[in-house]
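Student: One structure is given below, represented as C-alpha cells, and several questions about it will come after.
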Amino acid sequence: MKKILVLGAAGQIGSELVPYLRNTYGADNVVATDVHRNCGPEITEGGPFITCDALDGAKLNEIVDKYKIDTIYNLVAMLSAKAEADPKFGWDLNMGVLFNCLEIAREKGVAVFTPSSIGAFGPETPMDGTPQDTIMRPKTIYGVSKVAGELLADYYVKRFGIDARGVRYPGIISYVTLPGGGTTDYAVEIYYDAIKKKTYSSNLKAGTFLDMMYMPDALKAAVEVMEADPAKLIHRNCFNVASMSFDPEIIANEIKKHIPDFTLTYDVNPMKQAIAESWPNSMDDTAAREEWGWNPTYNLETMTVDMLAKLKVKLK
Ligand code: SER
C-alpha cells in the first residue's frame with residue numbers, strides 16, 4: 001500500500017484529492033499538509049494532518065521519514081493572475097516547493113506528482129489541437145514556472161533516475177473549494193452566480209476558448225498517471241489531458257438549459273483576457289491516452305448537471 005504525502009491540501013485540488021486518495025489507499029496512508037489549518041474537518045480529521053510550509057525542506061524531510069512516505073502529491077502553486085501581482089513570490093513558491101520535492105525524491109526515492117498547466121503554453125504555441133511536444137514560450141510568471149518545473153522534473157528523472165510525473169491541467173471546475181486567482185476561474189464563478197443571482201458578468205470575452213476539466217476527472221488523472229506502468233511511459237513531465245473546451249457563451253447556454261432566465265454580461269479584465277488569449281483553445285491528449293489510458297468521464301453537459309445540483313445544495 002502506498003504512503004502518500006499531499007502538499008497544498010487546503011487548495012482547490014488538494015481539498016478534493018485528499019479524500020479521494022484516502023478512499024483509494026486508506027485514510028491512515030494519506031498525510032495531508034498545508035501552510036495553515038484552514039481546511040475542512042474532512043482534511044484535518046479524516047486522516048493525518050500536519051501544518052507545514054512546503055518551502056521548509058527540513059520539515060518535509062521529517063514528515064517523509066516519520067510517515068515512511070513513498071509518494072508526494074505536490075499541489076502547492078500560485079495561479080496565473082495572482083502570480084502576476086507578485087512574480088517573485090510566484091516563482092519562489094512554485095519552484096521552491098518543487099525543488100524540495102525533487103531533492104527528497106533524489107535522497108529517499110519517493111515518487112513525485114506535480115501538475116503543470118495549459119498556462120505552460122504561450123502565443124507562439126499552436127492553439128487548436130495543441131500537440132504534446134510543441135513550442136512553449138509562456139508570457140506569465142506562472143507559465144514560466146510551470147515550464148521550468150516540467151524541465152526540472154524531467155532533468156531529475158534523467159539525471160538521478162527518480163520517478164516524477166505530471167499532467168498539464170486545463171482550468172479545473174469544482175464546487176468544493178474555489179480556485180485561488182486563476183485566469184480560468186470564471187468557469188467556476190459562473191455556476192455560483194447562476195444559482196445565487198441568475199446572472200454572471202464574465203471577465204473574459206465571448207469567443208475566448210480554453211480547455212476545462214471537471215474535478216472528478218482531474219483527480220482520476222492524478223492517480224492514474226502515478227499508477228501507470230513506467231515501462232509504457234515515453235513522456236513524464238507533463239502530459240496534456242483534455243476533456244472539454246468552451247467559451248463564455250457556450251457555458252452560459254449550457255446553464256440556460258437548466259436556468260432559462262440566466263443572463264451573461266461582460267466586464268472584461270484586460271490582464272486575464274491577454275493571458276487567456278495566449279493559452280491553447282484545445283489540447284491534443286493522444287499521448288496520455290496511448291501511454292496510460294487517459295479517458296475522461298465528464299463533458300460540459302454532464303458536468304453542468306452535476307455542478308448545478310451540488311451547488312443548489314451547498315448554497316441553500
Ligand atoms: N487554472 C489555472 C489558472 O487559471 C491554469 O492552470 O491560472
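Student: Rounded to a whole number, what is D in µm²/s for the stretch 50-98 from Stokes-Einstein with the Kirkwood radius over alpha-carbon pairs (37 °C, 0.692 mPa s)?
Tutor: Answer, rounded: 275 µm²/s.
Student: Taking only Cα atoms and a 10 Å spring cutoff, compute GNM fluctuations for the chain and point out the largest among Ile234, Ile172, Ile195.
Tutor: Maximum fluctuation in the GNM of the chain, among the listed residues, is at Ile234.
Student: Within 10 Å of each candidate Cβ there may be at most 10 other Cβ atoms; applying that plus a DSSP loop requirement, which GluC sites (Glu not before Pro) in the stretch 241-305 survive?
Tutor: Numbers: sites: Glu249, Glu254, Glu277, Glu290, Glu291, Glu301; in loops: none.
Answer in residue order: no site qualifies.
Student: Figure the gain on full extension for Phe99 and Ala27 (residue separation times 0.36 nm, minus the Cα-Cα span) and round it to one decimal in nm.
Tutor: Details: separation 72, 0.36 × 72 = 25.92 nm, distance 2.71 nm.
Here the answer is 23.2 nm.
Student: Here is the link list: Lys2/Lys82; Lys88/Lys205; Lys2/Lys220. Which ones come out longer than 27 Å on Cα distance? Intermediate results must be reported in sequence, preceding the final value.
Tutor: Values: Lys2/Lys82 34 Å; Lys88/Lys205 29 Å; Lys2/Lys220 16 Å.
From the list (Lys2/Lys82; Lys88/Lys205; Lys2/Lys220), the Cα-Cα distance tops 27 Å for Lys2/Lys82; Lys88/Lys205.
Student: Provide the convex hull volume over Cα atoms per residue for the stretch 6-71, in Å³.
Tutor: Spelled out: Cα convex hull of the stretch 6-71, divided by residues, is 74 Å³.
Student: Against the longest principal axis of the chain, how steep is helix 87-108, in degrees 0 to 90 to the nearest 10, with axes from Cα atoms?
Tutor: Between the helix axis and the principal axis of the chain, the angle is about 40 degrees.
Student: In the neighborhood of Lys232, defined by Cβ-to-Cβ distances under 10 Å, what is the net charge if each Lys or Arg adds +1 and each Asp or Glu adds -1?
Tutor: -3
Student: Contour minus end-to-end for Met1 and Asn269, with contour as 0.36 nm per residue of separation and end-to-end as the Cα-Cα distance?
Tutor: 91.8 nm
Student: Next up: Multiply the residue gap between Glu45 and Lys310 by 0.36 nm, knock off their C-alpha separation, and tell me the result in nm, one decimal place.
Tutor: Contour length minus Cα-Cα distance gives 93.1 nm.
Student: For the chain, what is one quarter of the convex hull surface built on the Cα atoms, given in nm²?
Tutor: Averaged projected hull area, Cα only: 14.9 nm².
Student: Still on this structure: Straight-line reach from Lys257: which lysines have a Cα under 18 Å away, not including same-chain ones fewer than 8 places off?
Tutor: Lys196, Lys197, Lys198, Lys310, Lys312
Student: Still on this model: Taking the 0 to 90 degree range and rounding to the nearest ten, how far is the long axis of helix 57-66 tilted relative to the main principal axis of the chain, both from C-alpha atoms?
Tutor: So the inclination is approximately 70 degrees.
Student: Springs between alpha-carbon atoms under 10 Å, Gaussian network over the chain: tell me which of Ser243, Ser201, Ser145 tops the mean-square fluctuations.
Tutor: Result for the chain, Cα springs under 10 Å: Ser201 fluctuates most.
Student: Given the DSSP H assignment, sum -39500 (n - 2.57) over each helix run of at least 4 residues in the chain and divide by its residue total; what's the result at 222 nm in deg cm²/dmol, nearest 500?
Tutor: About -13500 deg cm²/dmol.
Student: HN-Hα J couplings of the stretch 120-135 from phi, Karplus 6.51/-1.76/1.60, θ = phi - 60°, integer Hz, Gly and Pro as x?
Tutor: Karplus-based 3J(HN,Hα) across the stretch 120-135 equals 6, 8, x, x, 7, 6, x, 7, 9, x, 3, x, 4, 10, 7, 5 Hz.
Student: Name the shape class, rounded, prolate or oblate, that the alpha-carbon gyration tensor gives for the stretch 1-114, where a ≥ b ≥ c are the square roots of its eigenvalues, rounded holds for a/c under 1.5, and otherwise prolate holds if a/b is larger than b/c and oblate otherwise.
Tutor: Oblate, since a/c reaches 1.5 and b/c is not below a/b.
Student: Over the alpha carbons of the stretch 237-284, what is the largest minus smallest coordinate on each principal axis, giving the biggest first in Å?
Tutor: Result, largest extent first: 43, 26, 12 Å.
Student: Trypsin sites (Lys or Arg not before Pro) within the stretch 179-280: which are DSSP loop residues with at most 11 other Cβ atoms inside 10 Å?
Tutor: Qualifying residues, ordered by number: Lys197.
Student: How far is helix 215-227 tilted off the main Cα axis of the chain, in degrees rounded to 10, range 0 to 90?
Tutor: That works out to roughly 30 degrees.
Student: Which one of Pro179, Pro41, Pro248 has the biggest mean-square fluctuation once the chain is modelled by GNM with Cα springs under 10 Å?
Tutor: Pro41
Student: I've got another one for you. With a sphere of radius 14 Å drawn around the Cβ of Ile259, what net charge do the other residues whose Cβ falls strictly inside it have (Lys, Arg +1; Asp, Glu -1)?
Tutor: +3
A short reminder: the numbers here are calculations on the coordinates, not readings from a lab. None of these values were measured; they are calculated from a predicted model. We place every Cβ from the backbone using ideal geometry, glycine too, and count neighbours over all the protein chains shown.
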